[in-house]
Amino acid sequence: MKFGVVVFPGSNCDHDTYHVVSKVIGQPVDFIWHKEEQIDRFDAIILPGGFSYGDYLRSGAIARFSPVMRSVRQFAEEGGLVMGICNGFQILCEAGLLPGALLRNRDLRFICEHINIRVERVDTPFTSACEPRQVLSLPIAHGEGNYFCDPETLDALEREGRVIFRYCDAEGSVTDESNPNGSLNNIAGICNSERNVLGLMPHPERASESLLGSSDGRAIFLSMADSLREMIKLRA
Amino acid sequence: MLAKVFVTLKNGVLDPQGKAIHHAAESIGYQGIADVRQGKYFEIQLDAGLDEALARSQVEKFAHDVLSNPVIEDYRVEIS
């Protein structure tokens, strides 16, 4: 199994993500420069956080045209696992691999703090190692994390169980007070209808070792590794 | 030839920046300002000899595919 972490100009969580995959969950991983188009050797692709292209125009708007994104789209269509974290989530939305958009935070502030999210669904390759309704304490660090989509899309996301993470309080109650950025329905993470593409605003890679205050993010990387093991077994 | 592209948030999309500007305008003392919506404006210089119909179709496509995000924004193109 091999993970790939895409590096755009301005990515800044690429090394954290690489570290967690290689050192914390112990899986092979390589960086992928955004100009690379050959990504067949990977089993999972992670678009890391950061400020790709300085967030010029809109967050993720220019990164989506990077050469690697054509390959990522094809990789996703073929069933490969793709996870976008923070700026990676914004890029997936801009690229149309996930629906909706991330608007400026409700109160206009860049928010950098630990929040809680509730795992809404464990029937995805990214959350299979979590408990249903498990509360994860993870950091967020974004100015544009306010999830928005039209009412029909929101209905479809809810109906199809594609809201994977919701902002909540420490007990797991989804309240307006626990919504840091104004996201519709407290959405912190969603997946595509095939459930192999996930985007989330919180940073699991910054909370995968207890030394950093929380290791709750590990469950997401461990889920991916478990799922890949199964996928590779089925392929053989 | 100059193309002007105006990108604005769709109706119904929350614009916290516009709201903050509105509040500031009121607190400074400007009167009669009912609402403020913030958008983006692009000036695009086109080759002088470019056919106007081609220019329009190019800029429309650019505005739709790149300069705006159709999920949240509308755009308007003017060519002069």
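Across the stretch B:28-80, which residue is most open to solvent (accessible area, probe 1.4 Å) among those that are within 14 Å of chain A (Cβ to nearest Cβ) and free of Cβ contacts under 8 Å to residues at least 12 places away in the same chain?
We begin by selecting, within the stretch B:28-80, every residue within 14 Å of chain A (Cβ to nearest Cβ); these are B:36-42, B:44, B:61-75.
Now narrow it down to the ones that are free of Cβ contacts under 8 Å to residues at least 12 places away in the same chain: B:61, B:64-66, B:69-71.
Details: B:K61: 126, B:H64: 83, B:D65: 47, B:V66: 34, B:N69: 12, B:P70: 64, B:V71: 57 Å².
That would be B:K61.
Filter the stretch A:133-156 down to residues that are open to solvent by 20 Å² or more (accessible area, probe 1.4 Å) and within 13 Å of chain B (Cβ to nearest Cβ) and give me whichever is nearest to A:R106 (Cα to Cα).
A:E144
Of the residues that sit in the stretch A:50-106 and are among the charged types (D, E, K, R), at the interface with chain B (Cβ under 10 Å from one of its Cβ atoms) and assigned to a loop (DSSP other than H, G, I, E, B), which one is farthest from A:S227 (Cα to Cα)? Reasoning before the result, please.
Step one: list which residues in the stretch A:50-106 are among the charged types (D, E, K, R), which gives A:55, A:58, A:64, A:70, A:73, A:77-78, A:94, A:104, A:106.
Okay, now just the ones that are also at the interface with chain B (Cβ under 10 Å from one of its Cβ atoms), so A:58, A:64, A:94, A:104, A:106.
When the remaining residues are screened for being assigned to a loop (DSSP other than H, G, I, E, B), the result is A:58, A:104, A:106.
On the way: A:R58: 33, A:R104: 34, A:R106: 36 Å.
So the residue we want is A:R106.
May I ask you to say which residue of B:D47, B:D74, B:D15, B:D65 is modelled with pLDDT of 95 or more and either more than 30 Å from A:G182 (Cα to Cα) or touching a strand residue (DSSP E or B) at 6+ places or on another chain (Cβ under 9 Å) (or both)?
Working: B:D47 fails: modelled with pLDDT of 95 or more; B:D15 fails: modelled with pLDDT of 95 or more; B:D65 fails: either more than 30 Å from A:G182 (Cα to Cα) or touching a strand residue (DSSP E or B) at 6+ places or on another chain (Cβ under 9 Å) (or both).
Going through B:D47, B:D74, B:D15, B:D65 in turn, just one is modelled with pLDDT of 95 or more and either more than 30 Å from A:G182 (Cα to Cα) or touching a strand residue (DSSP E or B) at 6+ places or on another chain (Cβ under 9 Å) (or both): B:D74.
Across the stretch A:107-118, what is the number of residues that are more than 14 Å from chain B (Cβ to nearest Cβ) and open to solvent by 50 Å² or more (accessible area, probe 1.4 Å)?
Taking the stretch A:107-118 and keeping what is more than 14 Å from chain B (Cβ to nearest Cβ), we get A:112-118.
Within this subset, residues satisfying the condition of being open to solvent by 50 Å² or more (accessible area, probe 1.4 Å) are A:112-114.
Residues in the stretch A:107-118 being more than 14 Å from chain B (Cβ to nearest Cβ) and open to solvent by 50 Å² or more (accessible area, probe 1.4 Å): 3 in total.
Please list, ordered by first then second residue, the pairs with beta carbon atoms under 9 Å, 6 or more apart or interchain, first in the stretch A:12-41 and within 17 Å of A:S215 (Cα to Cα), second at pLDDT 95 or above and open to solvent by 70 Å² or more (accessible area, probe 1.4 Å).
Listed by first residue and then by second, the contacts come to A:C13/A:R206; A:D16/A:R206; A:V20/A:R206; A:V20/A:R218; A:V24/A:R218; A:I25/A:R218.
At pLDDT 95 or above and open to solvent by less than 10 Å² (accessible area, probe 1.4 Å): is that true of A:L97 in this structure?
Working: at pLDDT 95 or above: yes; open to solvent by less than 10 Å² (accessible area, probe 1.4 Å): no.
No: the conditions fail for A:L97.
Looking at A:R121, A:R104, A:R159, can you tell me which residue is closer than 30 Å to B:K19 by Cα and open to solvent by 40 Å² or more (accessible area, probe 1.4 Å)? Full working, then the answer.
Numbers: A:R121 fails: closer than 30 Å to B:K19 by Cα; A:R159 fails: closer than 30 Å to B:K19 by Cα.
Result of the check over A:R121, A:R104, A:R159: A:R104.
Do you know which residues across the stretch A:193-211 are in contact with a strand residue (DSSP E or B) (Cβ under 9 Å, 6 or more places away or on another chain) and open to solvent by 60 Å² or more (accessible area, probe 1.4 Å)?
Once the filter is applied, which keeps residues that are in contact with a strand residue (DSSP E or B) (Cβ under 9 Å, 6 or more places away or on another chain) and open to solvent by 60 Å² or more (accessible area, probe 1.4 Å), the stretch A:193-211 yields only A:R206.
Would you point out the residue of the stretch B:1-27, among those that are away from chain A (no Cβ under 14 Å) and open to solvent by 50 Å² or more (accessible area, probe 1.4 Å), that is farthest from the chain's Cα centre (by Cα)? Explain how you work it out, then say what you get.
Here is the first cut: in the stretch B:1-27, the ones away from chain A (no Cβ under 14 Å) are B:1-4, B:6, B:25-27.
Going one step further and asking which of them are open to solvent by 50 Å² or more (accessible area, probe 1.4 Å), we end up with B:1, B:4, B:6, B:26-27.
Details: B:M1: 19, B:K4: 9, B:F6: 2, B:E26: 24, B:S27: 26 Å.
Step by step, filter the stretch B:1-27, then rank; the result is B:S27.
Considering only residues that are in contact with a helix residue (DSSP H, G or I) (Cβ under 8 Å, 6 or more places away or on another chain) and either part of a loop (DSSP other than H, G, I, E, B) or more than 25 Å from A:M224 (Cβ to Cβ) (or both), which ones fall in the stretch A:157-174?
Within the stretch A:157-174, A:R162, A:V174 qualify.
Restrict the check to the stretch A:195-202 and report whether at least one residue is in contact with a Lys or Arg (Cβ under 7 Å, 6 or more places away or on another chain) and of a type in the set (G, A, S). Spell out the reasoning first.
Of the stretch A:195-202, the ones in contact with a Lys or Arg (Cβ under 7 Å, 6 or more places away or on another chain) are none.
So far as the stretch A:195-202 goes, no, none of its residues is in contact with a Lys or Arg (Cβ under 7 Å, 6 or more places away or on another chain) and of a type in the set (G, A, S).
Just to check your reading of the model, which residue among A:L198, A:L136, A:L154 is modelled with pLDDT of 95 or more, assigned to a strand (DSSP E or B) and more than 13 Å from the chain's Cα centre (by Cα)?
On the way: A:L198 fails: more than 13 Å from the chain's Cα centre (by Cα); A:L154 fails: assigned to a strand (DSSP E or B).
Among A:L198, A:L136, A:L154, only A:L136 is modelled with pLDDT of 95 or more, assigned to a strand (DSSP E or B) and more than 13 Å from the chain's Cα centre (by Cα).
The values are calculated or read from the model by the stated rules, or taken from the named source; none is laboratory data. Since the model is a prediction, treat every value here as computed from it, not as a measurement. Glycine gets a Cβ as well: all are built from the backbone with ideal geometry, and neighbour counts include every protein chain shown. For the accessible areas, the whole protein counts, side chains as well, though only heavy atoms, and no ligand, DNA or RNA atoms are used. Shrake-Rupley method; radii C 1.70, N 1.55, O 1.52, S 1.80 Å.
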